[in-house]
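Peer 1: I have a structure here, written as C-alpha cells, and I will follow up with some questions on it.
The values are calculated or read from the model by the stated rules, or taken from the named source; none is laboratory data. It should be emphasised that the depicted structure is a prediction, and the values quoted were computed from it without experimental measurement. Neighbour counts run over all protein chains shown; Cβ positions are idealised from the backbone, glycine included. Areas reflect the complete protein model, heavy atoms only, side chains present, ligands, DNA and RNA absent. Shrake-Rupley method; radii C 1.70, N 1.55, O 1.52, S 1.80 Å.
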Amino acid sequence: MMHLIRCIVVEALSGIKVVDISTLFAGPTAAMLLGDFGADVVKVEHPRRGDPSRGHGHAKDGVGLWWKVLSRNKRTVAIDLSSEDGQGVLRALLAEADVLVENFRPGTLERWNLAPESLLEANPRLVISRVTGFGQIGPMAGEPGFGTLAEAMSGFASMTGEPDGPPTLPPLALADGIAALACAYAIMVALRARENTGRGQVVDLAIIEPILTVLGPQITAFQALGVIPQRTGNRSSNNSPRNTYRSRDGRWLAVSTSAQSIAERVMHLVGRPELVDEPWFSSGRTRAEHAEELDAAVGGWIAERDAEEVIAAFSEAQAAIAPVYDVSDVVDDPQFRALGTVLEVPDEELGSVAMQNVMFRMSDTPGEVRWAGPRLGEHTDEVLAEAGLDAEQIAALRDKGVVG
C-alpha cells in the first residue's frame, strides 16, 4: 500500500519565497527540496514552450510524469524573460523574494538586464543561486554543461564499470541530483548568513564540483601517493567482500563488510572462519587485495541457497545484506512502507500521482508534498497580482505574449 498524502502544517521554510527560473534538473530539484519544507516556490516557464522537463521521460495522457515530481509544491507562472516587459515582470517578482535560482549560461542574465548586481541593488536581501555546468569563471564557463559531462570530468565514469569494460555513465541524472542537494544546502547557508549580515549574496555552483566532493579522497590520494582509481565492477578497493551475488533461485543480493566486525561475521556464516585469522584480513584495504578468494567463499555459499534463506541467515548473524531491487520491489517493500517513502498525491490532471516522499522526517517541522507539478501558467494571475500588477496590466501583457 502506498501512503496517501497527509495534511500537515509545514513551517520550517514558511515565509521564504523562491523564484525558480532554472530549467531541467539541478536548479529545479534544489527549488523542489526547498518547497518540500514550506518555501513558496514560484516556477517561471516560457509561455509557449514551457519547461523542457515537461517533455522528459514518460508521459500519461500527454502529461509528463517527471514534471509532476520535479515541480511539486511549486506555483507556476508563464513569462517570456527574453522580452523587456518579461524582465520587468521578473524584477517585480524579485522585489520581495528571498531566493532566485537560475541556470542559464554565464552572461545570459546580464544580457537580459538582470545582472546580479542590479538585482541586489533593488533587493539587497536576495540570495541568487547560479547553477551552471562549469561555473561563472574559467575557460569552459561559457560552454553548455550537463550532468553527463560532470560525471565524465569528475572521474566518476572512469572508475565505474567492469575492469575490462569501458567507463560507465549512470543511467540517471546523478550529477544533477548531487548538485541539487548542494545547491539547496548553499541556499540555506546563505539565508543563515543573511540573518547575521542582513544581506543576500550570489552562490556560484558548478555541477562538476559537488560530485567530485562525493567521490571522496581521490585527489588527496593522487597527490600524496600517485594513486589513480581503477574500475573494479561491484567490488571496492577499500574493503571486501563487497559485491553482488546470485542466489540459487536467481535473485541478486548485495553484501557490504565496511566494518571489520561485519566482515568477520560473514566469514563465520559462510563456513570460512579460518580466513579471519589471516594477517591480511585485519583491514578493509588488505582484504580488498584478496577479493577473489573472499568473493568465491561468499558467492559460493549464497549460490547454494535461495534468497530468503540467505537474507534470514545474514540477519540472524547481524551481517549486512540487501536484495537488489527494481522499482516494482521498492513500492512493495515493507521498510519503505514503514517510512512512508512512497505516497500518492491527488492531481487534477491525472487523478493521483505516485512519487517519493520528502527525503527525511523532522519531529517538529516535517516536510510535505502538497501538490504535484501544475499546468503551464496555472498561477500566473495569482502570482503577478501578489507582485503588484493589476488585472488590466496582466491582460495587456498576455495580449503581447509576454505572459501566459
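Peer 1: Taking the range 24-114, which trypsin sites (Lys or Arg not before Pro) meet the DSSP loop condition and have no more than 16 other C-beta atoms within 10 Å?
Peer 2: ARG48, ARG49
Peer 1: Quick one: which residues, 5+ away or cross-chain, put their amide H under 5 Å from the amide H of GLU349? H built at 1.01 Å from N.
Peer 2: For GLU349, whose amide H was placed from the backbone, there are no distant partners under 5 Å.
Peer 1: Pull up all non-local amide H partners of ALA354: gap of 5 or more, or a different chain, and H-to-H distance under 5 Å with H placed in the peptide plane.
Peer 2: VAL345
Peer 1: Let me ask something else. If you stretched the chain out fully between GLN393 and ARG337, how much longer would it get, using 0.36 nm times the residue separation minus the C-alpha to C-alpha distance?
Peer 2: Computed gain between GLN393 and ARG337 is 15.3 nm.
Peer 1: Follow-up question, since we're still on this one. Test of the criteria: in the range 203-301, which trypsin sites (Lys or Arg not before Pro) are in a DSSP loop and have at most 15 other Cβ atoms within 10 angstrom of their Cβ?
Peer 2: Answer by residue number: ARG248.
Peer 1: Pop out the ³J(HN,Hα) list for the range 52-66 in order, Karplus 6.51 cos²θ - 1.76 cosθ + 1.60 with θ = phi - 60°, rounded to Hz; leave Gly and Pro as x.
Peer 2: Running phi through 6.51 cos²θ - 1.76 cosθ + 1.60 with θ = phi - 60° gives x, 5, 4, x, 8, x, 6, 9, 10, 6, x, 9, x, 7, 4 Hz.
Peer 1: Just to be sure I understand: if I project the alpha-carbon convex hull of the range 242-328 onto a plane and average over all orientations, what area do I get in nm²?
Peer 2: Average projection, Cα convex hull of the range 242-328: 5.5 nm².
Peer 1: Let me ask you something else. Quote the relative contact order of the chain in percent (integer), defining contacts as alpha-carbon pairs under 8 Å separated by 6+ residues.
Peer 2: 22
Peer 1: Please identify every one of the chymotrypsin sites (Phe, Trp or Tyr not before Pro) in the range 294-352 that sits in a loop by DSSP and has no more than 14 other beta carbons within 10 Å of its own beta carbon.
Peer 2: Here the chymotrypsin sites (Phe, Trp or Tyr not before Pro) that fit, given the DSSP loop and packing criteria, are TYR325.
Peer 1: When we measure straight from the Cα of LYS68, which lysines land under 19 angstrom away, once same-chain ones fewer than 8 places off are left out?
Peer 2: Once the sequence-local lysines are set aside, what remains near LYS68 is LYS43, LYS60.
Peer 1: Here's another thing I want to ask about it. Give me the accessible area of HIS46, 1.4 Å probe, in Å² rounded to the nearest 10.
Peer 2: Here the accessible area works out near 30 Å².
Peer 1: Output the 0 to 90 degree angle, nearest 10, between the alpha-carbon long axis of helix 260-269 and the longest principal axis computed from the alpha carbons of the chain.
Peer 2: Compared with the principal axis, the helix lies near 50 degrees.
Peer 1: Against the longest alpha carbon principal axis of the chain, how many degrees, from 0 to 90 and to the nearest 10, is the axis of helix 174-197 turned?
Peer 2: 60
Peer 1: Additional query: Skip the ligands, DNA and RNA, and give the accessible area per residue of the chain with a 1.4 Å probe, whole Å².
Peer 2: Dividing the accessible area of the chain by its residue count gives 50 Å².
Peer 1: Per-residue accessible area for MET188 at 1.4 Å probe radius, Å² rounded to 10?
Peer 2: 70
Peer 1: To continue, here is another question. Sequence-distant or interchain residues sharing an amide H contact under 5 Å with LEU100, placed H: which?
Peer 2: The list, which skips near neighbours in sequence, is VAL19, VAL127, ILE128, SER129.
Peer 1: Based on Cα positions only, what radius of gyration and what Dmax would you give for the chain, in angstroms?
Peer 2: Every Cα atom of the chain included, Rg and Dmax give 25.0, 83 Å.
Peer 1: If a paramagnetic tag sat 7 Å from the Cα of PHE360 along the Cα-Cβ line, which residues of the range 161-204 would have the backbone N under 15 Å from that point?
Peer 2: 181-189
Peer 1: Ignoring ligands, DNA and RNA, please state the percent of accessible area on the range 12-87 from carbon and sulfur, probe 1.4 Å.
Peer 2: 52
Peer 1: With each run of n ≥ 4 DSSP H residues scored as -39500 (n - 2.57), what mean residue ellipticity at 222 nm is computed for the chain after dividing by its residue count and rounding to the nearest 500 deg cm²/dmol?
Peer 2: The per-residue figure over the chain is -10000 deg cm²/dmol.
Peer 1: Taking a ≥ b ≥ c as the square roots of the Cα gyration tensor eigenvalues, with a/c under 1.5 meaning rounded and otherwise prolate when a/b beats b/c, else oblate, which class fits the range 274-404?
Peer 2: prolate
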